[in-house]
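Written below as structure tokens is the structure these notes are about.
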Amino acid sequence: EYDEWANKNSDPSKRDPDGYFVLGEVSAALNSIGIATKKIRFRKHKIIDILTNEEHHISDSELKQLPATLEDPVIVMQSKTQFNRVVVAGELISAESGLPVIAAIELDPKGQIKNFVVVASAYDRKLQSLLDTSDILYVDPNKKRTDNWLRQRRLQLPELVTQYGSIGKVTYFNPNVNRISANSEMKQALRKANLIDDNGN
């Protein structure tokens, strides 16, 4: 289905932006951190944005491999910059940059229908600073695979991460609720926007 869409025009900017692809369902790994079983959608206009962004060294071939990353991730983190999102990393590497490709999953997309999550973005980047400053929710419990993955990418888990498997639950933010449970960076951002006070209310 993806090939049929992509082959109609080799220039991503001229492809039909309407509609979406279904990448499968939320995996057991993502279930374990509190994400309900839902379909995963990847909107075509978002794919075009990714492919035409010069800062994202991502190809059609790599985007087609995202379902495997989402099904069997190595690391899942709470997004540092967006509420109700997680960042997922796995085996996928950008052929252009040699860096890991990570996917951001929006858990509460806008609209009336709530029976799906969406791939909000995919991009390549160095991961160590992200590992050091993010809330890590999941580490693949296959220690051999995880340790090999870290070693091949010259990465280290933060000292606070002492176990593998599901080690946290995703934080959902409801703007209609006064009190929230969120990481410190999110709270700081809300304080600056005058959405919560110093007590997190």
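Readers should treat all values here as calculations from the given coordinates under stated rules, not as data from a laboratory. Predicted, not measured: the structure shown is a model, and the values here were computed from it. Note that we place each Cβ from the backbone using ideal geometry, even for glycine, and neighbour counts take in every protein chain shown.
Would you please classify the overall shape of the chain from the alpha carbon gyration tensor, given that a ≥ b ≥ c denote the square roots of the eigenvalues, rounded means a/c under 1.5, and beyond that prolate means a/b larger than b/c while oblate covers the rest?
Details: a/c = 1.71, a/b = 1.22, b/c = 1.40.
The shape class here is oblate.
Across segment 84-170, how many lysine pairs, 8 or more positions apart or on different chains, have C-alpha atoms separated by under 25 Å? Please give the number. List each step's numbers first, then the result.
Numbers: LYS110/LYS169; LYS114/LYS169; LYS126/LYS143; LYS126/LYS144; LYS126/LYS169; LYS143/LYS169; LYS144/LYS169.
The number of close lysine pairs in segment 84-170 is 7.
Just grab the label-to-label distance for GLU54 and LYS110, each label 7 Å out from Cα along the Cβ direction, in nm (one decimal).
The two pseudo-label positions are separated by 2.8 nm.
What is the distance, in nm, between label points placed 7 Å from the Cα along the Cα-to-Cβ direction at GLN82 and at THR162?
So the two model labels end up 3.4 nm from each other.
Where nothing but the Cβ of Lys and Arg (+1) and of Asp and Glu (-1) is charged, how large is the charge dipole of segment 80-166 around its Cα centre, in debye to the nearest 20?
Numbers: 12 positive and 10 negative charges, 18 e Å.
Roughly 80 debye for segment 80-166.
What percent does the relative contact order of the chain come to when contacts are Cα pairs within less than 8 Å and at least six residues apart? Spell out each step's value before the answer.
On the way: 344 pairs, mean separation 36.1, N = 201.
Relative contact order, the chain: 18 percent.
Calculated from DSSP H runs of 4 or more alone, at -39500 (n - 2.57) each and per residue, what is the 222 nm mean residue ellipticity of the chain, nearest 500? Present the calculation step by step, with values, prior to reporting the outcome.
Details: 8 runs with 53 residues, N = 201.
The helix contribution divided over the chain gives -6500 deg cm²/dmol.
Taking the Cα centre of the chain as origin and charging only Cβ (+1 Lys, Arg; -1 Asp, Glu), how large is the dipole, in debye to the nearest 20? Write out the running numbers ahead of the final one.
Working: 27 positive and 27 negative charges, 101 e Å.
That gives the chain a dipole magnitude of about 480 debye.
Going 7 Å from the Cα of GLU91 toward and past its Cβ, which residues in segment 135-176 have a backbone nitrogen under 13 Å from where you end up?
Residues 145-146, 148-149 qualify, since their backbone N sits under 13 Å from the label point.
What list of ³J(HN,Hα) couplings, whole Hz, do you get for segment 161-174 from phi and the Karplus terms 6.51, -1.76, 1.60, once you set θ to phi - 60° and write x for glycine and proline?
With the stated coefficients, segment 161-174 comes to 8, 10, 9, 10, x, 7, 10, x, 10, 4, 9, 9, 10, 10 Hz.
Report the calculated FRET efficiency for VAL22 and LEU99 (r = Cβ-Cβ distance, R0 = 22 Å), to the nearest 0.05.
Working: r = 27 Å, r/R0 = 1.24.
Efficiency computed from Cβ-Cβ geometry: 0.20.
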